[in-house]
Every structure is written in C-alpha cells, then in structure tokens.
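Report on one structure; see the data block that follows.
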Amino acid sequence: MPTYIAFHKPYEVLSQFTDPAGRVTLKDYINLPGVYAAGRLDYRSEGLLILSDDGRFIQRLADPRFEHSKVYLAQIEGIPTEEEVTRLQESILLPGLQTRLVQAQISPDPGFPPRSKPVRPYHATTWLRLVLKEGKKHEARRLTAAIGYPTLRLVRTEIGPVCLGDLQPGHWRRLTKKEISAILD
C-alpha cells in the first residue's frame, strides 16, 4: 500500500533526507522508508510539504501541467497599498522564471506558531496570501521584492486539494483518500 503524507516543514529544515553539512533534514522528523518529497521548500521557508513513495503521484503533484495551485502566506516588511497588490496580480511576471500571473491579496495575521528564529519587528509588517500556479525557486520572495517589499517569513499552506490546516511544525499526517484521489484523478 503506497504512503502519502502531509508534513509541516519547520524553518531551517532541508527538504531532503541527507545533508553532508549536517543540517537538520526530513529524516529528523519522518521515519518512513522510501518516501520522497513531491517538490521542495527552501531552507528558510516553512509549511506544507507532501511526501510519498508513489512515483506517479509525485509526478502528478509536481508537474505544472496538472495545475495544482500552491498557496503561500508571506509576511512582508512594510504595508503595501491596494494599488501595489493589484500591480502584483496584473503586471508582474518574473522573466525567465514565471509564465503566469499570481493571485495576491492582503491577509489577516494567520497566527502561526513562532518559528525557531523569530522575525525581528524592525518595521510594520503585512501578510499577503499568494496563489501560484508554478511555484518556481524563490518565486514568492522575488514577487514581493518586485513591488518593493521583502519577504520576512514564508509559509506554504496549500498544494492543490491538500491544506496545512492545524498541523503543527515538525508533525505529519496521512493524506485522506479524498485528497489522494483529487491529485491522481
């Protein structure tokens, strides 16, 4: 029987099972043989990571042709105007990285648990909800920077039909049959 799990990757954990430099990896949290991450989150990002030992499932989830949206909550430095958020949605495409526009909106503070290294409150911050169709390397961070607001904290909350929900950092759960079917069908 294949294994399908949702994991809440904490801050400064590699999205792989080994690291020659000795950093914290998935093996410090997940002891299931043969599972691999369907996609990645960079070292400084947090949130939903889906793992499986089913190659077809991983391919369908990771391949942009299947259009599984990825939703991120980005805590940015500063307070953007509605015009800047609209510009992000309507006219910002990152050359060589992005082929589709992002959906963006200002979001209330999601109340995530504090991370191991807190965001330093030098300035006012805003949370943005970003919906990406591609999820390329550092895309969300580059998008907020393109409108002049660096990302201080980035948490992926959804991949296609799978939501992070109340899963706490460092914990995982098995996907439901409904979630698995929605990805494979």
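Observations
- Mean silhouette area of the range 69-159, derived from the convex hull of its C-alpha atoms and averaged over all directions, reads 5.8 nm².
- Amide proton proximity set for S107, modelled H, under 5 Å, gap of 5+: W127, L128, R129
- Remark: the chain projects, on average over all directions, an area of 11.1 nm² (convex hull of Cα atoms).
- Volume per residue for the range 113-153 equals 103 cubic angstrom (convex hull of Cα atoms).
- Each of the peptides 8-19, 108-119 was scored by the mean count of other Cβ atoms within 10 Å over its residues; in descending order, highest first, they stand as 8-19, 108-119.
- Sparsely packed chymotrypsin sites (Phe, Trp or Tyr not before Pro) within the range 21-96, loop by DSSP, other Cβ within 10 Å at most 15: Y43
- Reach of K137 by Cα under 21 Å, taken over lysines that are not fewer than 8 positions away in the same chain: K9, K70
- Proximal aspartates and glutamates relative to K178, as straight alpha-carbon distance under 17 Å, when same-chain residues fewer than 8 apart are discounted: D54, E158
- For R23 and S181, the difference between the fully extended length at 0.36 nm per residue and the C-alpha to C-alpha distance is 53.4 nm.
- Spin-label proximity, Q16 to the range 42-58 - amide N less than 20 Å from point 7 Å beyond Cα toward beta carbon: 42-55, 58
Since every read-out is calculated from the coordinates, none of them should be taken as a lab result. Because the structure is a prediction, the values reported are computed rather than measured. A quick note on method: Cβ atoms are made from the backbone with ideal geometry, for glycine too, and the neighbour counts reach across all protein chains shown.
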